[in-house]
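Structure record follows, encoded as structure tokens.
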Amino acid sequence: MKTINLTIALFLGMVFSISAQANRTHKSNAGIKGGYNLAAVNFDGQGETEQRHSFHIGVYGEEFLSDSFAIQPELVYSQQGYVITNSSGTFTQKLNYINLPLMLKAYPSKNLFLKAGPQIGLAITHKEEYEGLFNSSQEYDPNNFDWGVNLGGGLKTDSGISFEVHYHLGLGDLYDNSKAYNRVWQFSIGIDL
């Protein structure tokens, strides 16, 4: 019963916030974003792998609920994966995703924002590369579906250019029963259109 009451209260709060949009200083918008990835995988009990350096690019929409809060859905192509180096050489797992984050953004001031929200992802390609003594052609079969949580923040100028950083904490197992989870730092520049 408490959950139902809380859901109703949150819904009514959103409705009243949306109806008060005429007085806000921010306006809803859409844009493009892109930037640099530092991607790794956390293998449970063994720590985190080396990072794969790559990029991401996508589009977003930002709908203000009030002066201080917005919802930002995104559609992002993201190169992820990881690197393992040992005495035999280097193994690189390249994973390319289409990610769908849904971020709640809070603006404690006009240009500073914090954001958090869930993300689902679909791996569209994967490739393994071996360098050194490995000389192996073994192919791994990662799960296509990934999910997790994003946390981050940034600055948005009055002209609509934003600089942000966020961390993706993957919660979906990369390989069946291996307890391997995506970890991705993203550094982005966005431009409102």
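Where a number appears in this text, it was derived from the coordinates with a stated rule and is not lab data. It should be emphasised that the depicted structure is a prediction, and the values quoted were computed from it without experimental measurement. Quick reminder, even Gly has a Cβ in these numbers, built from the backbone with ideal geometry, and neighbours come from all protein chains shown.
Structural remarks
- Other residues whose C-beta falls under 12 angstrom from the C-beta of Leu193 contribute a net charge of -1, scoring Lys and Arg +1 and Asp and Glu -1.
- Relative contact order (%) - criterion: Cα under 8 Å, at least six apart; region: the stretch 33-184: 20 percent
- Violating pairs (Cα-Cα greater than 18 angstrom) within the set Lys115/Lys179; Lys33/Lys115; Lys27/Lys105: Lys115/Lys179
- In a DSSP loop and with at most 11 other Cβ atoms within 10 Å, the GluC sites (Glu not before Pro) in the stretch 124-193 are Glu139.
- The stretch between Glu128 and Gln46, if pulled fully straight at 0.36 nm per residue, gains 27.5 nm over its current Cα-Cα span.
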